[in-house]
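*Asks:* First the structure, which I've put down as structure tokens, then a few questions once you've had a look.
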Amino acid sequence: MKLFDSHCHLNDTVYAKDMDEVFIRASAAGVLGIMIVGIDSPTSAQAVSLARTYAKGDAVCVASVGVHPHDASACTEKILDTLTDLAKNSWVKAWGETGLDFNRMFSPRKDQEHWFVKQLEAADRLDLPLIFHERDSSGRFLEILNAHYGGTGRSGVIHCFSGDRKEMDRYLNLGLHIGVTGIVTIESRGRELRELAVHIPADRLLVETDAPYLTPAPEKNQFRRNEPAFVRSVLMKLAQIRNEDPEALAKTVWDNTCRLFNLPQE
């Protein structure tokens with residue numbers, strides 16, 4: 001079974017001491033594809049460096065660049081120019097993580113919205129798919145997407161989807177993919193996601209860890225830090241609830257991820 005972790009943050013400092021071992025464990029678990037996601041200028045540069053270092057043999061390791069909504073207040077035109085230049089690197093296959101987060105409000109709403117639109121425009125100029133973050137935006141995220149994204153044919157993924165059926169259908173109607181994390185394995189917290197997961201079209205489904213966050217069960221009982229090897233548990237839970245063969249589902253998800261990020265499927 002060949003797996004692709006479509007969203008992780010191996011550029012987080014928690015991996016500084018055992019990065020080689022993290023990749024070894026991923027490979028042993030069949031995780032041969034990893035997307036390392038940037039959330040600001042430094043982590044985006046680190047993502048590219050890691051992709052360059054660890055894309056060896058059969059391993060597919062790629063990067064994204066972007067500014068997370070939490071960091072929007074610190075964004076500037078200069079930072080956006082830096083990310084744009086970085087995105088021209090051959091290891092960069094997506095723009096993001098970008099979007100809106102009105103839950104914790106680490107950045108003011110006006111800053112989040114302004115730099116979200118600017119990043120949509122940058123990704124469009126570079127012809128890159130997008131990795132989206134949305135939390136508690138009360139429909140504003142979809143409004144911006146429809147205004148600046150609808151009808152463009154641009155591809156993207158709703159990372160760590162946690163919305164309802166109506167939201168999911170709207171994302172799907174925009175042509176977006178749905179990223180499922182380890183939340184789907186958690187008994188209480190993942191109940192609604194498990195109910196929705198059976199309705200995600202097979203060709204729009206991605207799996208991800210969001211490592212070092214959102215450790216799935218049963219690993220959650222043993223490890224506080226998530227890592228790409230654990231995306232296998234996400235895939236297995238999805239196969240169970242969708243009543244699909246795990247190997248066939250893994251192949252479908254691998255192909256979906258490669259198609260989204262414009263990678264060879266074999």
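*Asks:* Over segment 98-162, what number does the Rg to Rh ratio reach, with both radii from the alpha-carbon atoms and Rh per Kirkwood? Display every interim value, and only then the final one.
*Replies:* On the way: Rg = 11.3 Å, Rh = 12.0 Å.
Looking at segment 98-162, the ratio lands at 0.94.
*Asks:* Here is a further query. Explain nothing, just the number: dipole magnitude of the chain about its Cα centre with +1 on each Lys and Arg Cβ and -1 on each Asp and Glu Cβ, in debye rounded to the nearest 20. Please report the intermediate quantities before stating the final value.
*Replies:* Values: 31 positive and 37 negative charges, 40 e Å.
In debye, rounded to 20, the chain gives about 200.
*Asks:* Let me ask something else. Do the sum for the chain: with -39,500 (n - 2.57) for every DSSP H run of n ≥ 4, divided by all residues, what is the mean residue ellipticity at 222 nm, to the nearest 500 deg cm²/dmol?
*Replies:* Details: 9 runs with 105 residues, N = 266.
Rounded to the nearest 500, it is -12000 deg cm²/dmol.
*Asks:* Can you list residues from other chains, or at least 5 along the same chain, whose modelled amide H is less than 5 Å from the amide H of Leu3?
*Replies:* For Leu3, the qualifying residues are Val31, Leu32, Gly33.
*Asks:* Which lysines, if any, have their Cα less than 30 Å from the Cα of Lys88, not counting same-chain residues under 8 positions apart?
*Replies:* Straight-line reach from Lys88, under 30 Å: Lys2, Lys17, Lys56, Lys78, Lys110, Lys118, Lys251.
*Asks:* Over the chain, what is the relative contact order in percent, taking alpha-carbon pairs closer than 8 angstrom and at least six residues apart? All intermediate terms of the calculation are to be shown ahead of the outcome.
*Replies:* On the way: 533 pairs, mean separation 54.1, N = 266.
Relative contact order of the chain: 20 percent.
*Asks:* Excluding Ala47 itself, calculate the net charge of residues whose Cβ lies under 12 Å from the Cβ of Ala47, where each Lys or Arg counts +1 and each Asp or Glu counts -1. Spell out each step's value before the answer.
*Replies:* Details: positive: Arg52, Lys93; negative: Asp12, Asp40, Glu97.
Combined, the nearby Lys, Arg, Asp and Glu give -1.
*Asks:* May I pose another question? How many angstrom separate the Cα center of segment 40-76 from the Cα center of segment 225-251?
*Replies:* 25 Å
*Asks:* If I take every Cα pair under 8 Å that is 6 or more residues apart in segment 126-266, average their sequence separation and divide by the length, what percent do I get for the relative contact order? The partial results should precede the final answer.
*Replies:* On the way: 191 pairs, mean separation 27.6, N = 141.
Value for segment 126-266: 20 percent.
We did not get these values from a lab; they are worked out from the coordinates using the rules stated. Since the structure is predicted, the reported quantities are computational estimates derived from the model, not experimental observations. Note that each Cβ is placed from the backbone with ideal geometry, even for glycine, and that neighbours are counted across all protein chains shown.
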